[in-house]
Amino acid sequence: MKIVGERIFAKDAGGKLLSRIGTIFFKTPGLVTKKGVHAMQRFLWIEEINAERTKNGQPALTMAEEDAEMAESVDLIFAEDQVLIRPNPDRMDLAFRADEELQKLVSKRVIRFLNTSSAKVRTALRERGENWRMARQPISQDDMAELIEQSKIPLGERPIYYYNRATGTRYITAGCYNEIESLPADAFRRQIVEIVTGLQKRNRVGFPEVDLFPTTTPIEIKKALKELKPDELDDAALKAACEKIALDWRMANPAELRDETVVNFEWRNAMCHAITKEPNETSVEEQELVAGISPEFYRQIEWLPGARIDKGKVIFDEIYDEAARTQDPELLAMCDNRVKSFLFNTTRLFGKVSFINIGRIANSLSRKPVEGNRRGNVYIMQYREEGADTVKVMMIRLQKWGVAEHLDEGKSLLQSIVEADEYSDYILDRRLMCLQLGMNLPRRLGYGHFTEKYRGMNQYNGVAVRTSYFVRNYVTGTASDKLPLAKYRNPAFAQAFAFLMGQAAALDMIVGRRSSVTKELLFDKNYEVVKLDAEGIPAEILITDHAGSFVNYEHDFEDYVAQYAGVVRRRRDYVSEYANFAAAYVEGFRRKLAETQAAYRARKTAFDELFSDRPYDTNGSGAYRWAKALQRLDVCEPERVASILKEAIEC
């Protein structure tokens, strides 16, 4: 390809890029990088072609031929370490041709697409299996909270702004605005003058010096504050005018953003987006990649290179070849061979698939992780079967104790294989136990495995071993501990939530769910997904994973039921009718415990003999744990257990 100008990323003696724009052409292949604007680069290319034609004794291009040359071109922008393609959403074929040509000049990892706000652009990339080229980098919940706290700075007066380092904009929230209302008159005036002045200015890179948060705040409120004239108002008039604006601002804010703390997932996510947004936005949020995904997944999915499906044929991403050729550690980390295995299994089992995207959950989604979730143990898969209208989303979780983990303990290969297989059966048996007792689990659970090389200290290092995993449909809804706190102020919402959570808590207690490591309670820590009805009221709670079930199978309910009081007590400050909230929770708990006990007693033999063909070992086999859990359920007194829970809530 002929290049007119400097090579991409060429810099001057001072380290600055020689050109920040380029235009790539396809009818007559070429790339123009000379300084100027894109329109000028197109004319330069026409001149270049005509000069070559004249040299070869050919006539200059006709007007129609010039138009054809320009039509078959794509704009590029060069950042310090990225080549940005600016696609025409209606001509994504040209954008992908540009992508392929640029990969001959630079690494694919530095080529990104602009206009990702366009659904056409996102869809085209998604259907090539390239979510990974649009997704923003993951960030842990703790890091997100720290980032927000550290971004709160002053401009000249008080530290009431959240600062975006990339754009230079300082965001002020309605809550921060309220902080200044109690200031002395002179300090209050100075602060208001600073805000008004900042709203009227743009910084050196063209972004607002000060802006209101959320960015969806009605323009009328910003206009009223921006046009305020503090010098023309006395102290009382200024205070009154500001109070009127503040009231309108608070009322305009969505309910889920009114609690301005990092504990509020909705506010935290929106603020993190505002302070990390970049000038050349080439990335999109999770909800734009996966329709209906819960806010808890914000910046938690690390989308990975995979493959595109072309007429039924699987074509792995070119970046795998680059990783193998260069052995670049960063690329090797991106090119997860487990993704290849998931792709193989999906295409082999489901047949004709039109596209697949796979990402791994970078961090535990629990507010307080207690299961020691290892990086890369949980994946998300988005795919569509050929001819289908809907896109399916699945969750993939690797088996916690597989062959590799047992080898790490120093066991033989044969023993590790046997124990891993037994554990697979144990996981599936526990699922049946939970379903038998009435736990609301995902309807279907798939099981699969793939082969990968064992990397560890055992003598079998380098040997190929089986890795097992479980796959289920993604459950729409919001985890109980991630619900917007503002929702609890609605008595109808709070009552329905409390009753359903009480029922779920009873079943959680019956199956003895605990962390297998710390023995801590797992309830209300990410696994319970709340589904709402058409009116926005909780209608169902689905338990996404039965992890930790039957860890506690020996203690009487009376000994640990008080721990379930935390579900109610930690929401005390957000519920308008706390007594009714607590009563609904206890009643839901009592009723479900009594119903489950009655169901067991009505078909006692069927329950008792469900796992009669399984090994019965008092050291803790699945069948033994099942028997102990049923015995505990049979002898309990639901009224007494519920009364202990009630006392724990009230103390």
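The values are calculated or read from the model by the stated rules, or taken from the named source; none is laboratory data. This structure is a prediction, so every number in the text was calculated from the model and none was measured. Every residue, glycine as well, gets a Cβ built from its backbone with ideal geometry; the counts of neighbours run over all protein chains shown. Accessible surface areas use protein heavy atoms only, side chains included; no ligands, DNA or RNA. Shrake-Rupley method; radii C 1.70, N 1.55, O 1.52, S 1.80 Å.
Among the listed residues ALA324, ALA362, which satisfies the condition of being surrounded by fewer than 18 Cβ atoms within 10 Å (Cβ to Cβ), closer than 16 Å to VAL378 by Cα and either among the aliphatic types (A, V, I, L, M) or free of Cβ contacts under 8 Å to residues at least 24 places away in the same chain (or both)?
ALA362
Can you list the helices (runs of 4 or more DSSP H) lying wholly within region 1-109 that have 1 or more residues being over 25 Å from THR123 (Cα atoms) and of a type in the set (Val, Ile, Thr)? Reasoning before the result, please.
On the way: elements: 38-55, 63-71, 92-102.
Answer list for region 1-109: 38-55.
Does LYS152 satisfy being out of contact with any Phe, Trp or Tyr (no Cβ under 9 Å at 6 or more places or on another chain), at pLDDT 90 or above, of a type in the set (Lys, Arg) and over 30 Å from PRO87 (Cα atoms)?
no
Kindly indicate whether any position in region 227-250 is in contact with a Ser or Thr (Cβ under 7 Å, 6 or more places away or on another chain) and modelled with pLDDT of 90 or more.
Yes, the conditions are met somewhere in region 227-250.
Any residue at all in region 406-422 that is of a type in the set (Ser, Thr, Tyr), in a helix (DSSP H, G or I) and farther than 22 Å from THR476 by Cβ?
Scanning region 406-422, I find at least one residue that is of a type in the set (Ser, Thr, Tyr), in a helix (DSSP H, G or I) and farther than 22 Å from THR476 by Cβ, so the answer is yes.
Using the structure shown, decide if VAL561 is open to solvent by less than 60 Å² (accessible area, probe 1.4 Å) and modelled with pLDDT of 95 or more.
Answer is yes for this residue.
Scan PHE9, PHE25, PHE78 and give me the residue that is at pLDDT 95 or above and among the hydrophobic types (A, V, I, L, M, F, W, C).
Sole residue among the options that is at pLDDT 95 or above and among the hydrophobic types (A, V, I, L, M, F, W, C): PHE25.
Identify, please: which residue in region 240-256 is free of Cβ contacts under 8 Å to residues at least 60 places away in the same chain and open to solvent by less than 40 Å² (accessible area, probe 1.4 Å) and is, among those, nearest to the chain's Cα centre (by Cα)?
Among those that are free of Cβ contacts under 8 Å to residues at least 60 places away in the same chain and open to solvent by less than 40 Å² (accessible area, probe 1.4 Å), it is ILE245.
Which of (1) in contact (Cβ under 8 Å) with a residue 60 or more places away in the chain; (2) in contact with a helix residue (DSSP H, G or I) (Cβ under 6 Å, 6 or more places away or on another chain); (3) more than 29 Å from ASP317 (Cα to Cα) does ILE24 not meet, given it meets every other one?
Only one criterion is unmet by ILE24, namely (3).
Could you tell me whether region 40-48 includes any residue that is open to solvent by less than 40 Å² (accessible area, probe 1.4 Å) and over 24 Å from PHE96 (Cα atoms)?
Within region 40-48, none of the residues are open to solvent by less than 40 Å² (accessible area, probe 1.4 Å) and over 24 Å from PHE96 (Cα atoms).
Output the residue which, of all residues in region 452-484 that are more than 20 Å from GLY410 (Cα to Cα) and among the hydroxyl-bearing types (Ser, Thr, Tyr), is least open to solvent (accessible area, probe 1.4 Å).
Filtering region 452-484 for residues more than 20 Å from GLY410 (Cα to Cα) gives 469-484.
Subset that is among the hydroxyl-bearing types (Ser, Thr, Tyr): 469, 474, 476, 478, 480.
On the way: TYR469: 18, TYR474: 35, THR476: 69, THR478: 28, SER480: 1 Å².
Step by step, filter region 452-484, then rank; the result is SER480.
If I ask for residues that are within 15 Å of LYS487 (Cβ to Cβ), in contact with a helix residue (DSSP H, G or I) (Cβ under 8 Å, 6 or more places away or on another chain) and acidic (Asp, Glu), which ones from region 547-584 would you list?
GLU577
Just the residues that are modelled with pLDDT of 95 or more, assigned to a helix (DSSP H, G or I) and open to solvent by 80 Å² or more (accessible area, probe 1.4 Å), please, taken from region 598-651.
ARG601, ALA602, LYS604, THR605, GLN631, VAL635, GLU639, ARG640, LYS646, GLU647
I need the full set of residues from region 258-277 which are assigned to a helix (DSSP H, G or I), open to solvent by less than 20 Å² (accessible area, probe 1.4 Å), touching a residue at least 24 places away in the same chain (Cβ under 8 Å) and out of contact with any strand residue (DSSP E or B) (no Cβ under 8 Å at 6 or more places or on another chain), in order please.
Within region 258-277, PHE265, ARG268, ASN269, CYS272 qualify.
Take the residues in region 181-226 that are assigned to a loop (DSSP other than H, G, I, E, B) and of a type in the set (Gly, Ala, Ser), then tell me which one is most open to solvent (accessible area, probe 1.4 Å). Before you say what the answer is, go through the steps one by one.
Quick first cut of region 181-226, residues assigned to a loop (DSSP other than H, G, I, E, B) only: 181-184, 201, 203-207, 209, 213-218.
Now narrow it down to the ones that are of a type in the set (Gly, Ala, Ser): 182, 206.
Numbers: SER182: 105, GLY206: 40 Å².
Once the filter is applied, the top-ranked residue is SER182.
Starting from residues that are more than 22 Å from the chain's Cα centre (by Cα) and surrounded by fewer than 19 Cβ atoms within 10 Å (Cβ to Cβ), keep the ones in region 528-550 and report whichever is nearest to LEU428 (Cα to Cα).
Within region 528-550, the match that is nearest to LEU428 (Cα to Cα) is GLU540.
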